[in-house]
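S.K.: Okay, handing you the structure first.
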């Protein structure tokens, strides 16, 4: 009898959230939510639907793959909270990776399928308040002002991903002036469960973490935290 490996895959950092169940390297269930304010209610319903559709119980999972952010503060918390809760209660290892890494990973897959080396890549996610979450060539994420992001694009030659180009027309304009192709496909705009599962499958076992080691990746402070910090700076 063949023992199959089941993995729960969660991407909730963006306006388009996904919950998937993978059996070995194939998704056997995929749910999507495009109403970002409802991610916290939706995710538990989606998980129950996935268990019913696959005939699994929670004890049937072997690991969890998590999009740990950055992105929507609430969305990041939703996925991380569920992953940590299941990791704690079921003793499941967690593979957690940046949403910016997930977006850029598709370019590596494309290059490998064409027997080419991956060229430069950049992901920008809407961080609101005229800021973007930024990573070039899968470097650590940072939050930068819109003006700095547009300036970067002027001298960049490579592939783009992320929803910041939809959120900020001036950023899309800067990309077009530099003759860069804007993200068009959904997986180029929002982190995808399939890309996350592919990253998890290729990752060394040492990258799996205990639930206590998994934390949401916010990169910047929330708006209330920023307001509080500004108020403390006033004389």
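What follows is calculated from the coordinates using simple rules that are stated; it is not laboratory data. If you're wondering where the values come from, they're calculated on a predicted model, not measured in any experiment. Because the Cβ atoms are built from the backbone with ideal geometry, glycine has one as well, and the counts that use them run over all protein chains shown.
S.K.: Report, in degrees rounded to the nearest 10, the 0 to 90 angle that the Cα long axis of helix 73-90 makes with the longest principal axis of the chain.
M.R.: 20 degrees
S.K.: How far is the Cα center of segment 136-199 from the Cα center of segment 1-71, in Å?
M.R.: Here the two parts' Cα centres lie 26 Å apart.
S.K.: When the chain is modelled as a GNM with alpha-carbon springs shorter than 10 Å, which of 136, 209, 200 fluctuates the most?
M.R.: Fluctuation is largest for 209.
S.K.: Now for a different question. Mean-square fluctuation check for the chain, GNM, Cα pairs under 10 Å: which of 144, 94, 125 is largest?
M.R.: Judging by the Gaussian network model, the answer is 144.
S.K.: Just the Cα atoms of the chain: what Rg and Dmax do they give in Å?
M.R.: When restricted to the Cα atoms of the chain, Rg and Dmax are 18.3, 71 Å.
S.K.: Name the residues of segment 84-102 whose amide N is less than 19 Å from a point 7 angstrom out from the Cα of residue 49 along the C-beta direction?
M.R.: So the set is empty, nothing qualifies.
S.K.: Helix-derived [θ] at 222 nm for the chain: sum -39500 (n - 2.57) over DSSP H runs of at least 4, divide by residue count, nearest 500? It would help to have the intermediate numbers written out before the result.
M.R.: On the way: 9 runs with 96 residues, N = 235.
Calculated at 222 nm, the ellipticity per residue is -12000 deg cm²/dmol.
S.K.: I need the Debye-formula profile for segment 116-189: one equal scatterer per C-alpha, no solvent, reported as log10 I(q)/I(0) at q = 0.16, 0.17 1/Å, two decimals.
M.R.: -0.48, -0.54
S.K.: Determine the gain in length on full extension of the stretch residue 28-residue 40; use 0.36 nm per residue of separation and subtract their C-alpha separation, reporting nm with one decimal. Each step should come with its number before you reach the end.
M.R.: Values: separation 12, 0.36 × 12 = 4.32 nm, distance 2.24 nm.
Once the chain is fully extended between residue 28 and residue 40, it gains 2.1 nm.
S.K.: Still on this structure, please answer the following. Given the options 65, 85, 193, state which has the largest fluctuation in a GNM of the chain using a 10 Å cut-off (strictly under) for Cα springs.
M.R.: Comparing 65, 85, 193 in a Gaussian network model of the chain, the most mobile one is 85.
S.K.: Calculate how steeply helix 193-202 sits against the longest principal axis of the alpha-carbon atoms of the chain, using the helix alpha-carbon long axis, and give the answer as 0 to 90 degrees to the nearest 10.
M.R.: Rounded to the nearest ten degrees, it is 70.
S.K.: Quick check: the angle from helix 39-54's long axis to the longest principal axis of the chain, C-alpha only, nearest 10 degrees?
M.R.: Taking the Cα atoms of the chain, the angle to 39-54 is about 40 degrees.
S.K.: Based on the mean of other Cβ atoms within 10 Å per residue, sort peptides 96-103, 172-179 so the most packed one is first. All intermediate terms of the calculation are to be shown ahead of the outcome.
M.R.: Numbers: 96-103: 26.5, 172-179: 15.2.
Peptide ranking by packing, descending: 96-103, 172-179.
S.K.: With a point put 7 Å past each Cα toward its Cβ, work out how far residue 207 is from residue 90 in nm, to one decimal.
M.R.: 2.1 nm
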